[in-house]
């Protein structure tokens, strides 16, 4: 990946066997992960998965029950928040309502010991960077949500932190603004070269912006990897189901030979896919096949083909989802882009046809 | 939503609504209006009107009783300002501990203890305070009044301060600490300014409560030490003269002024 050349190999944040317990409740079960310098790293998961807890442990707002957190090699879990060179963009922005925008952005610099004049000068530059110079004298309540979001970003970046923590900062914005901010954040991260740790429950947001993603669920790390890894090669049921749309099938592995697993789908249907470490012959596991990796034809194509009958076509804007029932087997969803409409026929319900895919499209999952 | 209400369900259309409102307003304000009007009466009588005059206001300041009233007013204001200041400081710290202290044991009990004095009959507090001062051999005088006032003003100052503070999310202080402010700086630079409207309201409420307190003051004051309410009571015992109405009207003016200030302070948000 091209990002691999841009990311230097130094570790910015190293979380080692970190555990967080609140009384009897374990919010985080022994997590270890290394976030690289200059990386856009995302913690992704549903609410309650522990992603925000981990972020707050890095910021210093939550104690670490067990384990350690290291910032560029230095142990930081015992430092109070104001002694950690990391800054946070809060979910609700937490802009100081009684201060002007300029004073908000200059606050961190001033607390760090800059003179008021220096702090203001640098704050002015930061406001220029986020294109809000004309609002410097206003109070936060006079700004729109999107503008407040950018002020929060400028305030957190002004003291030039070593790592910037972002706690679902886009969740309060409407869809269009959110998309625009995703790009802006990505650019800002490249320009400043600061390590970003971004928390979100929105898988699309994570895929769009991140160099690497850590998928979390129930206080545990489910998978760590680049967006394409996570999407194309989900490790387990949770990741496959949480990220994007997929066909999840119950299969039994009949045979493994030459790196290929031959699986039985029920109803006499067989499918060959790449073998996965830890899944042997006879295993009853799940298989994930992304709907857009499937294509339909009247005759079986080269590669893997399954015979079935069209049940229903659903128009979803850019795509058409076709539900196909295999003969005495499971249902499949096949996604066809509407841009291909001109050279592909739509199979009407009831039509017999074949579902085809390349070998790598199907992925066996560790449960 | 107000606009969605139809006239049929509007409380104003209920029968007897207007009459009830007028009766309430009359009962509440008629005595005050009478006192205010008669304070400008030229007559010695408190019941017959003989024309407009500022005579009784002059009498308060230069009349035969003026020294007594001036000394009492001085005591009242010194006590009210000092007691309100002390009570507000203590209430601010108490509110910070209660609202920001997390879930500590006895939190509910603590809240009860702070606000209970509001529910206890004042005469009980007065007797208890008197017995307390006697028991520890504290000579009664202006200091005993000050201590008693500070104590009973705390719950009055506490309520508006803690109400304001509950509306301030703790993410502001977290953001401040995230931006290199230590705990003290986060308190003085962020929390205190945001609490200020509540603190001013609390101070004004404590000030008014202290200024017009009679029962407790009358119990714990030493011989010869008078505040305005006790001085007024003392002179009313020898028959009501119109100069009492003039003093009452002036006190009413101070209260109205303070309440007005309090209203505008709570309205004027330093976040806009």
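Here are a few things to note about the model shown:
- Some residue of the range A:183-199 being buried (at least 21 other Cβ atoms within 10 Å of the Cβ), closer than 22 Å to residue A:29 by Cα and within 14 Å of chain B (Cβ to nearest Cβ): yes
- Any hit, the range A:74-87, residues being within 14 Å of another protein chain (Cβ to nearest Cβ), in contact (Cβ under 8 Å) with a residue 24 or more places away in the chain, in contact with a helix residue (DSSP H, G or I) (Cβ under 9 Å, 6 or more places away or on another chain) and assigned to a strand (DSSP E or B): yes
- Of all the numbered requirements in (1) surrounded by fewer than 23 Cβ atoms within 10 Å (Cβ to Cβ); (2) more than 22 Å from residue B:113 (Cα to Cα); (3) out of contact with any helix residue (DSSP H, G or I) (no Cβ under 7 Å at 6 or more places or on another chain), residue B:172 misses one, and that requirement is (3).
- Applying a threshold of 8 Å to beta carbon distances and a minimum spacing of six or more residues, or different chains, the list of pairs starting in the range A:43-66 at a residue that is within 14 Å of chain B (Cβ to nearest Cβ) and ending at one that is modelled with pLDDT under 90 reads A:57/A:77; A:63/A:77.
- Residue within the range A:133-150 that is touching a strand residue (DSSP E or B) at 6+ places or on another chain (Cβ under 9 Å) and surrounded by 15 or more Cβ atoms within 10 Å (Cβ to Cβ) present: yes
- Residues (in a helix (DSSP H, G or I) and modelled with pLDDT under 90) located in the range A:117-140: A:129
- Taking the numbered list (1) touching a helix residue (DSSP H, G or I) at 6+ places or on another chain (Cβ under 7 Å); (2) free of Cβ contacts under 8 Å to residues at least 24 places away in the same chain in turn, residue B:167 passes all entries but (1).
- Only one of B:208, B:244, B:199 that is surrounded by 17 or more Cβ atoms within 10 Å (Cβ to Cβ) and without any contact (Cβ under 8 Å) to a residue 40 or more places away in the chain: B:244
- Qualifying positions in the range A:113-140 - within 33 Å of the chain's Cα centre (by Cα) and within 11 Å of chain B (Cβ to nearest Cβ): A:140
- The single condition from (1) surrounded by 14 or more Cβ atoms within 10 Å (Cβ to Cβ); (2) free of Cβ contacts under 8 Å to residues at least 60 places away in the same chain that residue B:48 fails is (1).
- Number of residues in the range A:291-323 that are farther than 27 Å from residue A:366 by Cβ and part of a strand (DSSP E or B) equals 18.
- Residue that is farthest from the other protein chains (Cβ to nearest Cβ), among those in the range A:141-172 that are outside any loop (DSSP other than H, G, I, E, B) and more than 27 Å from the chain's Cα centre (by Cα): A:142
- Scanning the range A:88-101 for residues that are more than 8 Å from chain B (Cβ to nearest Cβ) and part of a strand (DSSP E or B) returns a single hit, A:89.
- Of the residues A:214, A:206, the single one that is in the same structural domain as residue A:42 (by TED's automatic domain parsing), closer than 27 Å to residue A:25 by Cβ and part of a strand (DSSP E or B) is A:214.
- Scan of the range A:105-129 for residues that are in contact (Cβ under 8 Å) with a residue 12 or more places away in the chain, more than 10 Å from residue A:158 (Cα to Cα) and crowded, with 20+ Cβ neighbours inside 10 Å, ordered by number: A:111
- Test result for residue B:76, assigned to a helix (DSSP H, G or I), touching a helix residue (DSSP H, G or I) at 6+ places or on another chain (Cβ under 9 Å) and at pLDDT 90 or above: yes
- Residues that are in a helix (DSSP H, G or I), surrounded by fewer than 11 Cβ atoms within 10 Å (Cβ to Cβ) and at pLDDT 90 or above are absent from the range B:3-17 altogether.
- For the range B:216-241, taking the residues that are modelled with pLDDT under 85 and touching a helix residue (DSSP H, G or I) at 6+ places or on another chain (Cβ under 9 Å), the one that is nearest to residue B:29 (Cα to Cα) is identified as B:241.
The values are calculated or read from the model by the stated rules, or taken from the named source; none is laboratory data. Worth saying up front: this structure is predicted, and the values here are computed from it rather than measured. Cβ sites come from the backbone with ideal geometry, for glycine too, and all protein chains shown count toward neighbours.
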